[in-house]
Amino acid sequence: MKMIARVTGMKRSKGITEKGQPYDSTKLYIETQFQESQDMCGFATEEYTYGTSENYEKLLASGVKAPFNAEIDLNVVTNGKAAKQIVVNVVPVFEKTKNS
């Protein structure tokens with residue numbers, strides 16, 4: 001699934017746990033619209049997994065600064081009990097200035 005959304009923040013995490021297990025991930029915080037109802041309106045920021053810390057470095061190298069708009073590709077994955085969406089690709093959308 002593709003969508004255009006606002007990435008409000010991103011976080012990388014890499015290291016080794018106390019039990020010796022390595023971990024390496026990037027989390028994106030994406031503005032997500034509430035389901036329309038009489039009790040909710042507007043947006044919330046949801047956490048999405050986006051691969052390893054290498055993806056964080058790639059985004060920084062592209063010149064983005066949070067918050068930024070992006071075209072985001074999502075896949076649905078499951079562990080057999082619950083499904084969740086993960087980000088598989090992010091393409092920042094750079095706004096053109098009036099002088100370009």
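Summary table below
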read-out	value
Computed P(r) (all Cα pairs; the chain; 5 Å bins; percent)	2, 11, 18, 21, 17, 14, 9, 4, 2, 1, 0, 0
Rounded to 5, the percent of DSSP beta bridges in the chain classed as antiparallel	100 percent
Dipole moment magnitude, nearest 20 debye, the chain about Cα centre, only Lys, Arg, Asp, Glu C-beta charged	260 debye
Residue-normalised accessible area of the chain, given per residue in Å² at a 1.4 Å probe	75 Å²
Filtered chymotrypsin sites (Phe, Trp or Tyr not before Pro), the chain: DSSP coil and at most 14 other beta carbons within 10 Å	34, 94
Between region 62-76 and region 1-50, the Cα center-to-center distance that results, in Å	11 Å
Gained length - residue 17 relative to residue 2, 0.36 nm times residue gap less alpha-carbon distance	2.0 nm
Distance in nm between pseudo-label sites at residue 45 and residue 91 (7 Å out along the Cβ direction from Cα)	2.6 nm
For the chain, calculated [θ]222 nm from helices alone, where every DSSP H run of n ≥ 4 adds -39500 (n - 2.57)	-2500 deg cm²/dmol
4, 72, 86, ranked by accessible area, largest first (probe 1.4 Å)	4, 86, 72
Inter-label distance for residue 60 and residue 82, nm, one decimal - labels placed 7 Å from Cα along Cα-to-Cβ	3.0 nm
By accessible area with a 1.4 Å probe, ligands and nucleic acids excluded, highest first: order of 27, 2	2, 27
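The values are calculated or read from the model by the stated rules, or taken from the named source; none is laboratory data. Source: prediction; values computed, not measured. Don't worry about glycine lacking a Cβ; one is built from the backbone with ideal geometry, like all the others, and counts go over all protein chains shown. To get the accessible areas, we keep the full protein, side chains included, count just its heavy atoms, and leave off ligands, DNA and RNA. Shrake-Rupley method; radii C 1.70, N 1.55, O 1.52, S 1.80 Å.
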